[in-house]
Each structure stands twice: as structure tokens, then as C-alpha cells.
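The values are calculated or read from the model by the stated rules, or taken from the named source; none is laboratory data. Since the structure is predicted, the reported quantities are computational estimates derived from the model, not experimental observations. Quick reminder, even Gly has a Cβ in these numbers, built from the backbone with ideal geometry, and neighbours come from all protein chains shown. To get the accessible areas, we keep the full protein, side chains included, count just its heavy atoms, and leave off ligands, DNA and RNA. Shrake-Rupley method; radii C 1.70, N 1.55, O 1.52, S 1.80 Å.
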Amino acid sequence: MSMNSSSNILNKFRQSSITNWIKSNKYPILITIGFFLAIGYAGTFHNYWGERDGIFYFFSGKQILAGEGENITLFGAGVGGPVLFAYLDSFIHNGFLTVKTIALLSGTGIVFVSYFIMRNFVNQKVALVGQLFVAFNPKLNLLSTLAINELLPIFLIFTSLYFITKKEITIQNIIITGLILGIASIFRYQSMIVLFAIIIFLLIHDKKIKKNVFFSFLVIGSFLIL
């Protein structure tokens, strides 16, 4: 009986924590939802692949999963995007919709995470203004309506920046950052540039040299795992 009571109390505490978090972040959540609905609606009038890399990566993934990967050459990109698109299409059975949905969700994720990145530096009002600038960015709006391979790795890069820009950087933050960038590099090799920038940041952001060197090797190790 006591175990059931403890479980109920824990569940209520978790629900209360989630409710409080939603209330305290209702404005960035509303901006994110507004972006998703507006761009999703606009995307219904742009039913084309856009840049050719979307359809190229999709059919490349099809060949890879069919066991013909030795015939595929990808420039500037890993197999992550093609394989993900082709795998999800085995459930959705619509390659265009699959790639386009991932782009929309990635763009929405960028808008959402951008607020929390800026919140690591500035107050809530300034972060909200910054989030609005991201949400109304014409380039992001356009890319979020197209079936392309670019936005998912950018969303992952944004997520890694959230963890590395916290006021108190912990070992857990470092490991998560390295892992996320490792995943992003499977989609686009350009993510490695962000890794180099983060290493430089870790080495110079304060005077604790031994800790900074340790953190740098840790983020590299986490990245290489992926």
C-alpha cells in the first residue's frame, strides 16, 4: 500500500513539474506552435522537391537498404539522411511526404531550441524577441517547406549549442554535446566545423586549463563514438 502511495505521489510530482514548466515557457511554446502551423500550411502549396538533393538522398537510401550501397557516392553528406528517409518511407510509403515532414519538424525544433539557447545568455524578454527573429527568418521559412536534407543536422547542431552554452557546463553536458554532434555529422560532415569551434570555446572560456583540456578530449571522444 505504501509503495502505491509513493508511486502516486511521484507521478503527481512529475505531472506538476511538467505543468509548471509549460506555464513558465508558454510564450516560446506558442511561438513554436505558430511556426509549425503557419509553415505547415504554407508548405501544402509548395508540393515540389525543391533542391535536387532531397530526392537524390532519398533514392540513395533506398539503394543502400537494398544492399547496393557500394554504387552510391555522397558528396558532403553521410548515410544518415538517406537511410533515415528510406527507412521511414517503409512505413509512410510516400518519400516526398517523409522528407518534407522531417524538414518541417526540424525547422520547428530550431525555432523552439533557439529560445533556450538565448535564454542561457539573456533574460526572457530578449530571448523571446530573438526567437521571433528566428521564426520569421525567410530562409528558415523556405527551407522548412521543402523536402531537403539540410535542416535535421542544423536542428541537432542547435540542440548541442544549448547544452554547451549553459552557465555551468557539466561532464554530462559535454558528453551530450559530443554525441549530438556525432549524430549530426552522420547527416552532414559540416557539423565537424561546429565541433572544432566548440573545442576552441572550451579551451579559452576560462582559466581552468586542466579541466578545459579534459572537457575537450571528452567532447572529441563522445563525437567519435557516433
> Yes or no: Phe187 under 21 Å from Val111 (Cβ atoms), touching a helix residue (DSSP H, G or I) at 6+ places or on another chain (Cβ under 9 Å), open to solvent by less than 60 Å² (accessible area, probe 1.4 Å) and free of Cβ contacts under 8 Å to residues at least 24 places away in the same chain?
Replying inline: no
> Taking region 204-226, which residues are open to solvent by less than 100 Å² (accessible area, probe 1.4 Å), among the hydrophobic types (A, V, I, L, M, F, W, C) and modelled with pLDDT of 90 or more?
Replying inline: Val213, Phe215, Leu218, Val219, Ile220, Phe223
> Out of all the residues in region 80-118, which are under 17 Å from Ile33 (Cβ atoms), among the hydroxyl-bearing types (Ser, Thr, Tyr) and crowded, with 19+ Cβ neighbours inside 10 Å?
Replying inline: Ser106, Thr108, Ser114, Tyr115
>> What's the number of the only condition in (1) open to solvent by less than 30 Å² (accessible area, probe 1.4 Å); (2) within 18 Å of the chain's Cα centre (by Cα); (3) at pLDDT below 95; (4) more than 26 Å from Asp53 (Cβ to Cβ) that Lys166 fails to meet?
In response: (1)
> Taking region 177-226 as the region of interest, how many residues are among the polar types (S, T, N, Q) and either within 13 Å of Phe163 (Cβ to Cβ) or not in a helix (DSSP H, G or I) (or both)?
Replying inline: 3
>> Looking at (1) open to solvent by 30 Å² or more (accessible area, probe 1.4 Å); (2) assigned to a helix (DSSP H, G or I); (3) not polar (S, T, N, Q), which one does Phe121 not meet, given that it meets all the others?
In response: (2)
> Yes or no: Leu179 touching a residue at least 24 places away in the same chain (Cβ under 8 Å), surrounded by fewer than 22 Cβ atoms within 10 Å (Cβ to Cβ) and closer than 25 Å to Tyr27 by Cβ?
Replying inline: no
